[in-house]
Amino acid sequence: MSLNSFGHLFRFTTWGESHGPALGAVVDGCPPGVPLSDGAIQPWLDRRRPGQNRNTTQRQEPDAVRILSGVFDGVTTGTSISLLIENTDQRSKDYGDIAQTFRPGHADLTYHLKYGVRDYRGGGRSSARETAARVAAGGIARQMLATLAPDLRIKGYMVQMGEKHIDRTRFDLSEVERNDFWCPDPVAAQEWEEYLGWLRKDDHNSVGAMIEVVASGVPAGLGAPVYGKLDSDLASAMMSINAVKGVEIGEGMAAAGLTGRENADEIFWDEEKGLSFGSNKAGGILGGISTGQEIVVRFAVKPTSSILSPRQSIRLDGTPAEVVTKGRHDPCVGIRAVPVGEAMMALVLADHLLLDRGQTGGTRGRIGS
């Protein structure tokens, strides 16, 4: 299977399946001299790790990462960095009943139509388990960004579960680490807890979500016009996450309902304070190039297709079948997508930081006297 790599100068390749012996990533392009250890990557994996609460899959994986190459005496050497994460809690027998059946909403059918063979144990490469490798690679990107762009910060959180939205008037980033949903609204978090409990236990169903990822302290000038746009790479990165069905930047789809006066971010200059904007409808990117404002990306995650409610499908021989997916699954896969979205933001920004340095050397146009 081709096309398992992403990025330009800072490039990573993921490998492995949900129920294979291990999965991992190879990261190429990280500059030498960046402090890096297993311990620097592990906290990011711990945030994505399954089985930490009743609102996520109960598969128990430690997701312990091992660096196999590219680091010497605690710093990167400039060569490729190989990462290994062992799978320790597979239950492939849970999938025996669907070996000859295509699960509705899954990639079973398309993998079979394209390749003529599929790994039915948890979906293989189409499983959300693949994202652990992305988060590990994102840990390296974060270490690089901490060295080259120390003011840059990335924060992700859920803003919607099904039809339930947060109230922006109650927005509090400190709440994100205090609940199972990475939710910045404590009232909404409690409502989501009750709703998801009912959905999982009584309705045997799942639900979608919307994730917002914000990067602050991003230098102006990242990205390139036309085919190297920062926003196009961010959209591609987020859309590549398993189960993501939509991506928007800044006002996104809502911009279609605005007038020109409402949408244009007014620009101001002060000799002491420098450049500023009256709003951020553009999400921190104009013409594919970062403005220095916060970069705001949102992506929609579909409901988990693995549910206990029976759905109609077909078997490999074309006969009809009723499918009930057993096993351990996320009732809202969007919960664990938050650390994945943060990782993809870090990976894209790391890549574009190197691209910018290679093209411009970091020089910038001047404003004012």
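The values are calculated or read from the model by the stated rules, or taken from the named source; none is laboratory data. In this text, all values refer to a predicted model and were calculated from it rather than measured experimentally. For neighbour counting, all protein chains shown are included, and Cβ atoms are generated from backbone atoms with ideal geometry for every residue, glycine included. What goes into the accessible areas is simple: the full protein's heavy atoms, side chains included, and nothing from ligands, DNA or RNA. Shrake-Rupley method; radii C 1.70, N 1.55, O 1.52, S 1.80 Å.
What the table shows:
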item: Of all residues in region 331-369 being β-branched (Val, Ile, Thr) and part of a helix (DSSP H, G or I), the one that is farthest from ARG134 (Cα to Cα); result: THR360
item: Segments classed as helices (runs of 4 or more DSSP H), wholly inside region 173-277, with at least 2 members that are exposed (fewer than 13 other Cβ atoms within 10 Å of the Cβ); result: 186-201, 260-263
item: Residue match in region 284-293 (condition: open to solvent by 70 Å² or more (accessible area, probe 1.4 Å), under 28 Å from the mean Cα position of the chain (by Cα) and free of Cβ contacts under 8 Å to residues at least 40 places away in the same chain); result: yes
item: Close pairs (8 angstrom Cβ cut-off, 6 or more residues apart or separate chains): at pLDDT below 95 in region 71-96, assigned to a loop (DSSP other than H, G, I, E, B) and hydroxyl-bearing (Ser, Thr, Tyr) anywhere; result: ASN87/SER18; GLN90/SER18; TYR95/TYR120
item: Long-range neighbours under 7 Å by Cβ, at least six apart or interchain, first residue within 19 Å of LYS114 (Cβ to Cβ) within region 1-17, second part of a loop (DSSP other than H, G, I, E, B); result: THR14/ASN4; TRP15/ASN4; GLU17/ASP119
item: Count - residues of region 96-114 that are within 20 Å of GLU322 (Cβ to Cβ) and part of a helix (DSSP H, G or I); result: 6
item: Within region 301-312, considering residues that are open to solvent by less than 30 Å² (accessible area, probe 1.4 Å) and not polar (S, T, N, Q), the one farthest from the chain's Cα centre (by Cα); result: ILE307
item: Of all residues in region 109-165 being of a type in the set (Val, Ile, Thr) and open to solvent by 20 Å² or more (accessible area, probe 1.4 Å), the one that is nearest to the chain's Cα centre (by Cα); result: ILE154
item: Cross-chain or 6+ apart pairs with Cβ under 9 Å, region 354-369 first and more than 19 Å from GLY78 (Cβ to Cβ), then of a type outside the set (Lys, Arg) and assigned to a helix (DSSP H, G or I); result: GLY362/ASP356
item: Odd one out for ARG129, checked against (1) modelled with pLDDT of 95 or more; (2) in a helix (DSSP H, G or I); result: (1)
item: Single unsatisfied condition, PRO219 versus (1) over 26 Å from HIS329 (Cα atoms); (2) out of contact with any Gly (no Cβ under 8 Å at 6 or more places or on another chain); result: (2)
item: Per-region count, region 53-70, residues open to solvent by 30 Å² or more (accessible area, probe 1.4 Å) and either modelled with pLDDT of 95 or more or of a type in the set (A, V, I, L, M, F, W, C) (or both); result: 5
